[in-house]
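Nothing in this text is a laboratory measurement; each read-out follows from the coordinates by a stated rule. Fair warning: this is a prediction, and the values are worked out from it, not measured in the lab. All Cβ positions, glycine included, derive from the backbone under ideal geometry; neighbour counts span all protein chains shown.
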Amino acid sequence: MEIERHLEKIQQYEDVISRLDPIEDFELWFWAQLNSATNALNAVLHRLKVTDPGPCFSHQIPGVFVEAEPVDGKWKKVIVAPGDIIHIGFPPLKQEVPACIDPFNHELEVLENFRETHVRGGEMPTEADVETCRAAYAKCMAIAYKLMEEGAPRQ
Amino acid sequence: MSPEEHIRKAERILRTVDKCTDSDAMIIVEGGMLAINHCVNAALHILGLRAADNDIIHSDYMSVAEMTRLRILAGDVLDCLERVEDMRAPYVRGCAPNKESAARQARIDIRAAIDHVGKLKPLDLPMVDYKP
């Protein structure tokens, strides 16, 4: 998806995040941050020319995409080169990912650690969990916006 | 997680979805996927098709045999999950138009899945997978 579309989605997610209660609504408050950060990652990967925006939308099965226009109301699944990724390493990329992405990935992993325990699992969030997520998300986005503005640093 | 814990989690996610408007379609569809996935896990555990410590994360990762059994025993819950999962690529990861209709369908499917799973009874039949 084009960088501008990813940026629009980030705005939409941040609007939702601002309206939800981090404790009462933790699952979707958290999930909105996760998806917003993934949009930022894809925007950065496109900006650094690691991946092309691509004409298709990513599916939850890594490597599978759907065509952007439905046919007879059905979304046709295809296998094409990414495009947008759905998680770090999913699908794997043939292209080398520059090291300047590593700090972003580290913070995204901090966020992702809450997915199995607190969203898919039954753990309830604490104020400390909320702060950990908030801080990791803020760092992700700061790194992403810097990379989008400056491009990859010269080695 | 026990079936009761899964259902409580689905109801908690539904309460958050109810705070959102249809223009928040992305997070409503995602909430649908997460909540209904909890319902499917509750169904799998109630029916004895999967142990409580062996949850699925998407319908795509069940075996064909499990999928067939679940479709026979709790097809309505599985239909809800598959409908919402199909909305993720175009409306969450993509930018297809008419996202509000996706949000409305996801809301319907979450409520339906919680309702369906609440009516399931244990099957009490042992299941085994053939492993050559």
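If packing is taken as the average number of other Cβ atoms within 10 Å across a peptide's residues, how do B:12-22, A:34-44, A:87-97, A:61-71 rank, most packed first? Write down the numbers at each step before the final one.
Details: B:12-22: 17.6, A:34-44: 24.5, A:87-97: 13.0, A:61-71: 16.0.
Ranking, from highest mean packing down: A:34-44, B:12-22, A:61-71, A:87-97.
Does chain A come out rounded, prolate or oblate, given a ≥ b ≥ c as the square roots of the eigenvalues of its C-alpha gyration tensor, rounded meaning a/c under 1.5 and, failing that, prolate meaning a/b above b/c? The partial results should precede the final answer.
On the way: a/c = 1.81, a/b = 1.24, b/c = 1.46.
In terms of gyration-tensor shape, oblate.
Under a 5 Å amide H to amide H cut-off, with H placed in plane at 1.01 Å, what residues pair with A:VAL64 once short-range neighbours are removed?
Residues meeting the criterion, in which the H sits 1.01 Å from N, are A:HIS59.
Over all pairs of distinct alpha carbons, what does the Kirkwood formula give as the hydrodynamic radius of the range B:1-59, in Å?
Working: mean 1/r = 0.0852 Å⁻¹.
After inverting the mean inverse Cα-Cα distance, the result is 11.7 Å.
Quick check: residue separation of A:ALA135 and A:LYS49 times 0.36 nm, minus the Cα distance between them. What number comes out in nm? Display every interim value, and only then the final one.
Details: separation 86, 0.36 × 86 = 30.96 nm, distance 2.77 nm.
Full extension from A:ALA135 to A:LYS49 adds 28.2 nm.
State the extension gain, in nm to one decimal, for the chain segment bounded by B:VAL64 and B:ARG15, taking 0.36 nm per residue of separation less the distance between their alpha-carbons. Could you put the intermediate results ahead of the total?
Values: separation 49, 0.36 × 49 = 17.64 nm, distance 3.26 nm.
Length gained, B:VAL64 through B:ARG15: 14.4 nm.
Defining a contact as two alpha carbons under 8 Å apart and six or more residues distant in sequence, what relative contact order in percent does chain B show? Each step should come with its number before you reach the end.
Numbers: 172 pairs, mean separation 49.1, N = 132.
With pairs under 8 Å counted, the relative contact order is 37 percent.
Hey, any idea what the orientation-averaged projected area of the convex hull of the protein assembly as shown's Cα atoms comes to, in nm²?
Hull-based average projected area comes out at 15.9 nm².
What's the lysine pair count for the range B:1-131 at a Cα cut-off below 30 Å, pairs eight or more apart or interchain? Show your work: numbers first, answer last.
Numbers: B:LYS9/B:LYS19; B:LYS9/B:LYS99; B:LYS9/B:LYS119; B:LYS9/B:LYS121; B:LYS19/B:LYS99; B:LYS19/B:LYS119; B:LYS121/B:LYS131.
Pairs that pass both the separation and distance tests number 7.
Only helices at least 27 Å long along their own axis, judged from Cα atoms, and with Kyte-Doolittle mean hydropathy of 0.0 or greater: name those in chain B from DSSP H.
Numbers: long enough: B:25-46 (31 Å, 1.35); B:99-118 (29 Å, -0.46).
Helices passing the filter in chain B: B:25-46.
Report, as an integer, the average count of C-beta atoms from other chains found within 10 Å of each Cβ along B:29-38. Display every interim value, and only then the final one.
Values: counts 0, 8, 5, 0, 2, 6, 2, 0, 2, 4.
For peptide B:29-38, the averaged partner shielding equals 3.
Taking only complete DSSP H runs, can you tell me which helices of chain A stretch 20 Å or more along their own long axis by Cα positions and average at least 0.0 on the Kyte-Doolittle scale?
Numbers: long enough: A:3-19 (25 Å, -1.04); A:26-47 (31 Å, 0.17); A:127-150 (34 Å, -0.04).
Long hydrophobic helices here: A:26-47.
Report, please, the projected area of the range B:36-99 averaged over directions, based on the convex hull of its C-alpha atoms, in nm². Show your work: numbers first, answer last.
Details: hull surface 18.3 nm².
Answer in nm², one decimal: 4.6.
Roughly how crowded by other chains is peptide B:79-90, in terms of the mean Cβ count from those chains within 10 Å of each of its Cβ atoms?
Rounded to a whole number, the mean comes out at 3.
Between the range A:76-155 and the range B:32-57, what's the alpha-carbon centroid distance in Å?
27
Based on the mean of other beta carbon atoms within 10 Å per residue, what is the order of B:33-40, B:121-128, most packed first?
Values: B:33-40: 27.5, B:121-128: 9.1.
Packing proxy ranking, top to bottom: B:33-40, B:121-128.
Can you give the FRET efficiency for A:ILE88 and B:ASP79, using 1/(1 + (r/R0)^6), R0 = 45 Å, r = Cβ-Cβ distance, to the nearest 0.05?
Working: r = 32 Å, r/R0 = 0.71.
For A:ILE88 and B:ASP79, the calculated efficiency is 0.90.
Would you pull out the residues with amide H under 5 Å of B:ARG50's amide H, same chain only if 5 or more places away, H placed 1.01 Å from N?
Counting only residues 5 or more places away or on other chains, the set is B:HIS45.
For chain B, state the semi-axes of the equivalent ellipsoid (square roots of 5 times the eigenvalues of the alpha-carbon gyration tensor), sorted largest first and rounded to whole angstrom. Spell out each step's value before the answer.
Numbers: eigenvalues 148, 50, 24 Å².
That gives 27, 16, 11 Å for the three semi-axes.
How far apart, in nanometres, would the label points at A:GLU24 and B:ILE72 be if each is projected 7 angstrom from Cα along the Cα-to-Cβ direction?
Once both label points are built, they end up 4.5 nm from each other.
Please give the average number of partner chain Cβ atoms lying within 10 Å of the Cβ of each residue in A:99-110, rounded to a whole number. Don't skip to the end; give the middle numbers.
On the way: counts 0, 0, 0, 0, 0, 0, 0, 0, 0, 0, 0, 0.
Across A:99-110, the average partner-chain Cβ count within 10 Å equals 0.
So what's the back-of-envelope 222 nm ellipticity for chain A, counting only DSSP H runs of four-plus at -39500 (n - 2.57) apiece and dividing by all residues, rounded to 500?
Values: 4 runs with 76 residues, N = 155.
Calculated at 222 nm, the ellipticity per residue is -16500 deg cm²/dmol.
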